[in-house]
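Read the figures in this text as sums done on the coordinates, not as results from a lab. Here the structure is a predicted model, which is why all the values come from computation and not from measurement. Please note: Cβ atoms are built from the backbone with ideal geometry, for glycine as well, and neighbour counts cover all protein chains shown.
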Amino acid sequence: MAEKNKTTTIWDYLQWRGDLQLTQDSFNEVDNLLLCIISYIDFRRIEQLHSFDPATAMRIGEVTPLLTEADEQLGLSPEDYIPVMRAMAASPRFRDVKMFAFEHLSDEERVMQFAAVSFLMPDGSVFVAYRGTDSSLIGWQEDFNMSYLSPVPAQVRATEYALEVAKKTGRMPIRLGGHSKGGNLAAWAAIHLPEKLQHKRLLAAYNNDGPGFSKAVLESEAFRRVEEKIHTYIPESSIVGMLLEHAEDYTIIDSTNRSLMQHEPLSWNVLGKQFIYLGQRTEAALLSDSVVREWLESMTIDERREFIDAIWSILSMGGKVKTLDDLRSGGLSGGVALLKEYVGADEKKKKVISEITKRLAADVKEELRKAAGEKLKTAEESVQKALRELKK
């Protein structure tokens, strides 16, 4: 395990290794994270990037001068990501990287939020970066739908997108990556590529603190074919990355942030050309894993669907609210409106929400009791050990 250093992030990486071209020092996991961070930026105004033709790809340094504050990242982080892209464009390592095939889809009817962009790398490979969840309620609803629906529309499109990019780039080796939900999409696409493409061209798929999959996916032959090519990185206090199951080996990494804020990729600690690895996740994180999993396992597939539909019907206030910003901007009046929406909901919806949240409360209570019991047991063992030492 690497020694912790609380000040080494991707900014330091760009200073330390930004002068080493990819032909001098091969692609690594930190490079993957940087490209995935870029995928959150809103490139919709730049028409040339929408083309899937690699011949029209633009260098990162050609794209950055076209970006304004209005194009800032569409994820859930309060951080700005355009400065990261500018720093990459100024470095010998990334200045010759080219971008193309930007796609941004949002479909309320299908409950789909999807975005991706691809990069032609100086080492002759292509990197497909899938964006994580944005601030739209549709994006969040689709994430929750993963607990009962497989595949969700974004997963289907992720595979189609990778195939389109693969077709346009000849025989170039391919890497896939994403952060948060984007990490899940990268792994899903890798699992569902044609077998020949998996063996001949797929180099790796990076799931950066994204959810896992159902047991059915993890027990499939398709998953086994690419299992060793899927690299999963999860901060020690992660909640997002531990949703559903991870059959593949995953690496616990260090962050400058605490608790939920460790999901922010700019906080991940780096040493040399890798993240700083930790032995295990925090006690609180392990506790939350257990609670969430027990809660999900207590529900049938139909109950999960009904619960999520009921929750999102109320949160969206019958379709009037579209984004998390809309919810936040409502303040106290927004809270009152949500309460009214709940009170006005039909009895079936209220019963489903009440029943499922009771199960969650019961699981939390049981896990806290177990945790307290373990601590008492440990304390008692320590006392007994001390007494034995005194008798010697």
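Couple of notes before you dig in:
- Near the amide H of ILE230, within less than 5 Å, lie the amide hydrogens of ALA205, all on another chain or at least 5 residues away, with H placed in the peptide plane.
- Dipole magnitude (debye, nearest 20) for region 10-281, charges at Cβ of Lys, Arg, Asp, Glu: 780 debye
- Per-residue Cβ neighbour rank within 10 angstrom, fewest leading, VAL217, VAL128: VAL217, VAL128
- Distance-filtered residues of region 179-214 - backbone nitrogen under 15 Å, label point 7 angstrom along THR251 Cα→Cβ: 204-210
- Cross-link pairs exceeding 26 Å in C-alpha to C-alpha distance, out of LYS98/LYS215; LYS181/LYS273; LYS98/LYS200; LYS168/LYS273, comprise LYS98/LYS215; LYS168/LYS273.
- Using the average count of surrounding beta-carbon atoms within 10 Å as a protection proxy, the listed peptides 180-190, 114-124 rank, highest first, as 180-190, 114-124.
- Distance in nm between pseudo-label sites at LEU197 and LEU20 (7 Å out along the Cβ direction from Cα): 3.2 nm
- Potential lengthening between GLU227 and GLU69 on full extension [0.36 nm per residue; Cα-Cα distance subtracted]: 52.9 nm
- Calculated FRET value between SER220 and ALA90, using beta carbons and R₀ = 51 Å, to 0.05: 0.75
- For region 10-281, the fraction of C-alpha pairs farther apart than 33 angstrom is 12 percent.
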